[in-house]
Amino acid sequence: MKNIYKTLIAFIGVLLVSCDGDDVDTRTILAPVSTAEISAPSTGQNVVLDVDKAAEEAFKFTWAPAEYSNSVAVRYTLLIDKKGGDFNAAKILKTTTNSITEVSVLNRELNQAAIDLGGQPEVAADYDVKIASNVSGGFVQISEGLITMTITPYTGRVPYNFVDWYLVGDATVSGWDTNKGNQILFRSGTNANEYKFTGYFAAGAFKLISTPGQWAPSIGIGSGGTIQNRPTENDPDPSNFSIATAGYYTFTVNTTTNLYTLAPYTGPIATYTTVGIIGSSTAGAWNVSTPMIKSSFNPHIWTLGVTSLNDGEMKFRANDAWDVSWGAKTPFSGVNTGDNIPVSKSKYVIYFNDLDGSYLMIPNQ
């Protein structure tokens, strides 16, 4: 969400429909007449937001339309600020176009706005809501009235300032499809620019993509044993990484040094019937594992779809027993050191590699 209040009030509220010098005296002038005013919900609402209902509607906001001197299409912006704030630091809840005068705000949208304004999870606080109108970015009017509501947010988005990279190509599980369960690379827990994947590759070729469903940004082979980044689809397409013989390989890449390695994997290969997550952050606490899904392409890669985790710790373990387990001290990603993984409350997509104990957990799902 962006702070737009200063930008809104900076626009000049006069627009000349015709700029022909010969028509100066006949030009039509558009001017604000009256502000939009929120009619629902009523002021004084008290809402306790629920993470399990994040995608459900919190409120439907409606308002009386703003008036201008001529008939024009109006754009509305629903703004929220801390109670008593001057709206210089307001957050945008929603915008509408084509003079639409109602909008649905989801629990997660209201929650994130409250968190962004300094709200504390599980602590009630008061917020003011206003409606702003504009025409083509100008002629801005801010509602004279406002509504106040009490919001108790849940834990907001967990900061995750990392770039993830995925494999694509006929040597990989997804083939050349950019959005078909592509294998993610495991990121170092101590260097956000180092990535590694140890696992099975079919004979063929592959590249890296960072956004499933898109061919750019992508990474391929450059010159002199380095990688070549392709930021956009208008940039030259680099060469593919090549796998001559199917088998297990370790692929590493550093996006700062632009160096990569691709070599056969010669380490031990153990087979596990099940792998699951367990710990104080998981549904089963330290008593019952939550099972992961084994890859049919590579039986050492395990995944878990959108999963709610609480503040706490967790580990990975094999066969619902403590004979073999993995963990580390770094959140989100790392490689096995035997420690408990720290977890912040959120919903995660989780990846694990039992060959080297690498894991990756992407929050805010």
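For Kirkwood radius over Cα pairs in Å, one of (1) 24.1; (2) 25.0; (3) 22.1 was computed from the structure I shared and the rest are decoys. Which label? Looking at Kirkwood radius over Cα pairs in Å for this model, the match is (1). Our estimate of slack between Thr257 and Asn98, defined as 0.36 nm per intervening residue step minus the Cα-Cα distance, is 52.3 nm.
Too long at a 20 Å Cα-Cα cut-off: which of Lys91/Lys130; Lys180/Lys207; Lys130/Lys347; Lys60/Lys130? Before the final figure, lay out the partial values.
Details: Lys91/Lys130 11 Å; Lys180/Lys207 14 Å; Lys130/Lys347 31 Å; Lys60/Lys130 14 Å.
Long pairs (Cα-Cα over 20 Å): Lys130/Lys347.
Taking every protein chain into account, the accessible area of the chain amounts to 47 square angstrom per residue (probe 1.4 Å). Think of the stretch 188-306 as having a plus end and a minus end, set by charges on the Cβ of Lys, Arg, Asp and Glu; of Gln228, Ala283, Thr255, Ala283 sits farthest toward the positive end of this dipole.
For Lys294, the accessible surface of its heavy atoms amounts to roughly 80 Å² (probe 1.4 Å, protein chains only, rounded to the nearest 10). At an R0 of 51 angstrom, the distance between the Cβ atoms of Thr245 and Ala55 translates into a FRET efficiency of 0.65.
Using just the helices of the chain, give the 222 nm mean residue ellipticity in deg cm²/dmol: DSSP H runs with n ≥ 4 each add -39,500 (n - 2.57), and the total is spread over all residues, rounded to 500. Please list the in-between numbers first.
On the way: 2 runs with 16 residues, N = 365.
Theoretical 222 nm ellipticity from helices: -1000 deg cm²/dmol.
Amide H to amide H, with H built 1.01 Å from N, Ala66 comes under 5 Å of Ala36, counting only residues 5 or more places away or on other chains. Spin-label model, Val163 to Thr62: label points 7 Å out along the Cα-to-beta-carbon direction sit 4.8 nm apart.
For the pair Asp235 and Thr273, the difference between a 0.36 nm per residue extended length and the Cα-Cα distance amounts to 9.2 nm.
How big is the dipole moment of the chain about its Cα centre under a simple scheme where the beta carbon of each Lys and Arg is +1, that of each Asp and Glu is -1, and everything else is neutral? Debye, nearest 20, please. All intermediate terms of the calculation are to be shown ahead of the outcome.
Working: 24 positive and 33 negative charges, 153 e Å.
It comes to approximately 740 debye.
What is the local net charge at Leu259, summed over the other residues whose Cβ is closer than 14 Å to its Cβ (Lys, Arg +1; Asp, Glu -1)?
Values: positive: Lys196; negative: Glu194.
Combined, the nearby Lys, Arg, Asp and Glu give 0.
Straight-line cross-link partners of Lys82 among the aspartates and glutamates, defined as a Cα under 18 Å from its Cα and at least 8 positions apart when in the same chain: Glu109, Asp116, Glu122, Asp126, Asp128, Glu144.
Please compute the net charge surrounding Asp177, taking Lys and Arg as +1 and Asp and Glu as -1 over other residues with Cβ under 13 Å from its Cβ. Each step should come with its number before you reach the end.
Working: positive: Lys180, Lys207; negative: Asp170.
In short, +1.
In terms of accessible area, using a 1.4 Å probe and ignoring ligands and nucleic acids, Arg75, Arg108, Arg187 rank largest first as Arg108, Arg75, Arg187.
Relative contact order, percent, of the chain when contacts are C-alpha pairs under 8 Å separated by at least 6 residues? Let's see the in-between values first.
Working: 914 pairs, mean separation 42.2, N = 365.
12 percent.
For the chain, carbon and sulfur atoms together expose 50% of the accessible surface, with a 1.4 angstrom probe and every protein chain in place. Residues in the stretch 337-353 carry Karplus couplings, in order, of 10, x, 7, 7, 7, x, 10, 9, 4, 5, 9, 10, 9, 10, 10, 8, 10 Hz; the curve used is 6.51 cos²θ - 1.76 cosθ + 1.60 with θ = phi - 60°, and Gly or Pro positions show x.
Would you please name the chymotrypsin sites (Phe, Trp or Tyr not before Pro) within the stretch 191-237 that are DSSP coil residues with at most 12 other C-beta atoms within 10 Å of their C-beta? Counting only loop positions with at most 12 other Cβ atoms within 10 Å, none of the chymotrypsin sites (Phe, Trp or Tyr not before Pro) in the stretch 191-237 qualifies.
The values are calculated or read from the model by the stated rules, or taken from the named source; none is laboratory data. Because the structure is a prediction, the values reported are computed rather than measured. Here the Cβ is made from the backbone with ideal geometry for all residues, glycine too, and neighbour counts use every protein chain on show. All accessible areas refer to the heavy atoms of the entire protein, side chains included, with ligands and DNA or RNA removed. Shrake-Rupley method; radii C 1.70, N 1.55, O 1.52, S 1.80 Å.
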